[in-house]
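The values are calculated or read from the model by the stated rules, or taken from the named source; none is laboratory data. Values in this document were obtained by computation on a predicted structure and should not be read as measured data. A quick note on method: Cβ atoms are made from the backbone with ideal geometry, for glycine too, and the neighbour counts reach across all protein chains shown. The accessibility values were calculated without ligands, DNA or RNA, using every heavy atom of the protein model including side chains. Shrake-Rupley method; radii C 1.70, N 1.55, O 1.52, S 1.80 Å.
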Amino acid sequence: IPDHVAALRQLAADRPYMDLERVGIIGSSFGGYFATRALLLAPDVYHVGIAVCPAADLYGKATVMDQYMGLPESNAEGYAYASNTRLAEQLDGKLLLIHGTSDVNAPISETMKMVDALIHAGKPFDLLVLPNHDHRILGARGPRGEYAREAVRRYLFEHLRP
């Protein structure tokens with residue numbers, strides 16, 4: 001996140017058409033995790049985020065992350081640091097969480113952990129749950145995919161327009 005913030009600021013320094021007051025971020029899967037994290041760690045830069053089927057923390061991904069971080073039992077500090085739920089009170093921008101109920105890659109319980117943390121922190125957020133939808137939400141064909149893509153477009157337009 002700090003590298004992306006530095007890059008945005010450097011690019012905007014000589015590009016007057018870039019408006020750093022209207023920066024949004026979108027990501028799916030681990031990208032959704034990082035979209036949420038960007039809003040939480042750099043609220044002065046990221047004002048709108050859309051997190052599609054995100055992980056809330058890395059505990060549920062330990063079998064994927066163990067090669068980088070070890071297991072949670074051996075790296076409790078690292079996993080705690082990586083948790084977005086512990087940062088929920090830092091949300092200042094607009095956040096849309098999108099998740100399908102049939103996602104086996106990132107179960108909807110991951111998004112519900114973030115929802116719970118945001119509720120406990122008293123932070124407003126938006127949530128779109130897509131029944132019977134799997135991990136390929138934005139790339140899906142048919143009405144659910146179209147609905148999700150339109151929701152993303154609407155959200156960005158509503159919250160980032162001049």
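Helix by helix through the chain, keep the DSSP H runs that span 15 Å or more along the axis on Cα and average at least -0.5 on Kyte-Doolittle, and give those back in order.
Values: long enough: 2-13 (16 Å, 0.23); 30-41 (16 Å, 1.11); 108-120 (18 Å, 0.54); 143-160 (25 Å, -1.01).
Passing helices, by number: 2-13, 30-41, 108-120.
With Rg and Dmax of the Cα atoms in Å as the read-out, I listed (i) 20.0, 60; (ii) 17.7, 57; (iii) 16.1, 49; which label goes with the value calculated from this structure?
Structure-derived value, by its label: (iii).
Report VAL45's accessible area, 1.4 Å probe, all protein chains in place, as a number in Å² to the nearest 10.
Here the residue's solvent-accessible area equals roughly 10 Å².
So with the 1.4 Å probe, I'd like the accessible area per residue for the chain, rounded to whole Å². Please list the in-between numbers first.
Values: 8880 Å² over 162 residues.
Averaged over the residues of the chain, the accessible area is 55 Å².
Which percent of the accessible heavy-atom area of the chain goes to carbon and sulfur, probe 1.4 angstrom? Mind showing how you got there, number by number?
Working: 4930 of 8880 Å².
Percent of accessible area from carbon and sulfur atoms in the chain: 55.
Highest mean first, how do 74-86, 1-13, 23-35 rank when packing is the count of other Cβ atoms within 10 Å averaged over residues? Before the final figure, lay out each step's value.
On the way: 74-86: 15.8, 1-13: 12.1, 23-35: 20.6.
Output ranking for 74-86, 1-13, 23-35: 23-35, 74-86, 1-13.
Would you compute, from DSSP H runs of 4+ residues alone, the mean residue ellipticity of the chain at 222 nm, taking -39500 (n - 2.57) per run and dividing by the full residue count, rounded to the nearest 500? Write down the numbers at each step before the final one.
Details: 6 runs with 70 residues, N = 162.
Calculated mean residue ellipticity at 222 nm is -13500 deg cm²/dmol.
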